[in-house]
Amino acid sequence: MTTNSNFKLMDIGLNLIDAQFEGHYHGKNQHPNDIKCVINRMLENDVEKCMLTTSCIKEYYHNLELCEKYENIVPNIGFTVGVHPCSSMDMVIEKKGDTNDDEKICELNLTKFEELKKIWKDLLENDSKHFMAFGEFGLDYDRLFHATKEVQLKVFEKQLEIVSSLTSNLNKKPPVFFLHMRSCGEELLDLLDKYSFNKDQVFIIHSFTDSLEIMNKIVSRDNFYVSFNNCSLRTEEGLENLKQCPLNKMFLETDAPWCAIRKTHPSYPLLSKALEENKDELNYKQLDYEILKKKKLMLDNYLIQDRHEPCELWKVYLLASVIKKCSYKEIVDSIWENCEKLF
């Protein structure tokens, strides 16, 4: 097998600091850290750029360390910086309410927000080549057990307020917004409309899973884009979303180690058929990797069972080409053009 070196891919959603890439699963260590191997496999399979997702302040420091450690191997590696809605409780202080019951009041931890603001400000002033996006931030009403709507709204709006103050009059193109949008209807879009941002600000809705109606409202806006992964395509509605999304408004990602394709997804038979039909044309090395149990990490070319990797990004592109009824090359070239334009 040989690498398809004429193709260029970017994974805009990669969780490389996830514990699984350090060999930890459900609190147990099952194999050594294999991040360098994951990166090498990624490069072998046409992924030339990647953006590492940050969910909280602590993760920013980990992602910065990774980017500096591996930038000689992947020159086009970068990160997002922001607080995920499911990490919102990291940014508040819980206090007892005025009543005698167990109700607690959550107030913003302004010290934490000052730290976040300083990180953003320093990265902007130093023109950090690794700082690709603000985020991942937004709203997630599917997982309110992590943080209530009230807390998520407070934390998201405070971040928007700070970004607005830092970038509104910035005399250069600011990093994009990498947005999380789950079961919140148009509330996220309404919040964005409340604030003034740089005239060149770009917004990407990551791992889109909402309705076709909302997607059409997003892509009709200037400087707004939608990104899809396998989780976006696990329903018939998700397939239709990608089909209807204009190529010049689209990104693709893995969200690894999460969002692997499953046999229960309607996309699975489409991908299986496409792999068979394109087996001679798309000679990706990833197809030769052995699938290993977590405790059997001994080979150079392998994939860990049930752990998604960025080297599998090309399959998301292939699936997108089937859904949109266009060639693999057309999908790759179009989205690479979007990547070059924004990152």
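None of the figures in this text is laboratory data; all of them are computed from the coordinates on show. Computed from a predicted model, the values in this text were never measured in an experiment. Ideal geometry is used to build each Cβ from the backbone, glycine not excepted, and the neighbour counts take in all protein chains shown.
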Self-check item: Coil-residue GluC sites (Glu not before Pro) of segment 137-213, DSSP, other Cβ within 10 Å capped at 15
Solution: Glu186
Exercise. Work out Dmax and Rg for segment 9-342 from the C-alpha atoms and quote the Rg first, both in angstrom.
Key: 20.1, 71
Practice problem: Write down Rg/Rh for segment 15-158, rounded to two decimals, with Rg from the C-alpha atoms and Rh from the Kirkwood relation over Cα pairs. | Solution: 1.05
Quiz item: Among bridges DSSP assigns within segment 54-189, what percent are antiparallel (round to 5)?
Solution: 35 percent
Self-check item: Rounded to whole Hz, the Karplus (6.51, -1.76, 1.60) HN-Hα couplings of segment 78-94, x for glycine and proline
Solution: x, 8, 9, 9, x, 10, 5, x, 6, 9, 4, 5, 5, 10, 10, 10, 8
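Using the Cα centre of segment 109-166 as the reference point, and only Cβ charges (+1 on K/R, -1 on D/E), how large is the resulting charge dipole? Debye, rounded to the nearest 20. Don't skip to the end; give the middle numbers.
On the way: 9 positive and 11 negative charges, 19 e Å.
Using only the charged Cβ atoms, the result is roughly 100 debye.
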Quiz item: Dipole of segment 18-134 (Lys/Arg Cβ +1, Asp/Glu Cβ -1, origin at the Cα centre): which of Asn33, Met89, Ser128 lies farthest to the positive side?
Solution: Asn33
Quiz item: What are the ³J(HN,Hα) values, in whole Hz, obtained from phi via the Karplus relation 6.51 cos²θ - 1.76 cosθ + 1.60 with θ = phi - 60°, for each residue of segment 312-319 in sequence order, with x given for Gly and Pro?
Solution: 9, 4, 4, 5, 5, 5, 4, 4
Exercise. Compute the relative contact order of segment 224-286 as a whole-number percentage, counting only Cα pairs closer than 8 Å that sit 6 or more residues apart in sequence.
Key: 37 percent
Quiz prompt | Listed residues Gln159, Pro266, Leu318: farthest to the positive end of the dipole of the chain (Cβ charges) | solution = Leu318
Self-check item: Sparse-neighbour loop sites [GluC sites (Glu not before Pro); segment 1-97; at most 15 other C-beta within 10 Å; DSSP]
Solution: Glu71
Quiz item: Considering the chain, which cysteines have no disulfide-compatible partner, defined as another cysteine with its Cβ under 4.7 Å away?
Solution: Cys37, Cys50, Cys56, Cys67, Cys86, Cys106, Cys184, Cys245, Cys311, Cys326, Cys339
Quiz item: Which angle from 0 to 90°, rounded to the nearest 10, does the C-alpha axis of helix 267-277 make with the longest principal axis of the chain?
Solution: 30 degrees
Self-check item: Distant-in-sequence amide H partners of Gly138 (H built 1.01 Å from N, under 5 Å)
Solution: His180
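Note down the relative contact order for the chain as a percent, whole number, built from C-alpha pairs under 8 angstrom at least six residues apart. It would help to have the intermediate numbers written out before the result.
Numbers: 621 pairs, mean separation 69.0, N = 343.
Relative CO of the chain lands at 20 percent.
For segment 137-185, state which chymotrypsin sites (Phe, Trp or Tyr not before Pro) are in a DSSP loop and have at most 12 other beta carbons lying within 10 Å of their beta carbon. Show your work: numbers first, answer last.
Details: sites: Phe137, Tyr141, Phe145, Phe156, Phe177, Phe178; in loops: Tyr141, Phe145.
Those that pass, being in a loop and sparsely packed, are Phe145.
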Quiz item: What angle, in degrees between 0 and 90 and rounded to the nearest 10, separates the Cα long axis of helix 35-44 from the longest principal axis of the Cα atoms of the chain?
Solution: 50 degrees
Quiz item: Dipole of segment 9-342, Cα-centred, from +1 at each Lys and Arg C-beta and -1 at each Asp and Glu C-beta, to the nearest 20 debye?
Solution: 360 debye
Exercise. Filter the cross-link list Lys249/Lys324; Lys69/Lys293; Lys172/Lys194; Lys112/Lys341 down to pairs whose alpha-carbon distance in this structure exceeds 25 Å.
Key: Lys69/Lys293; Lys112/Lys341
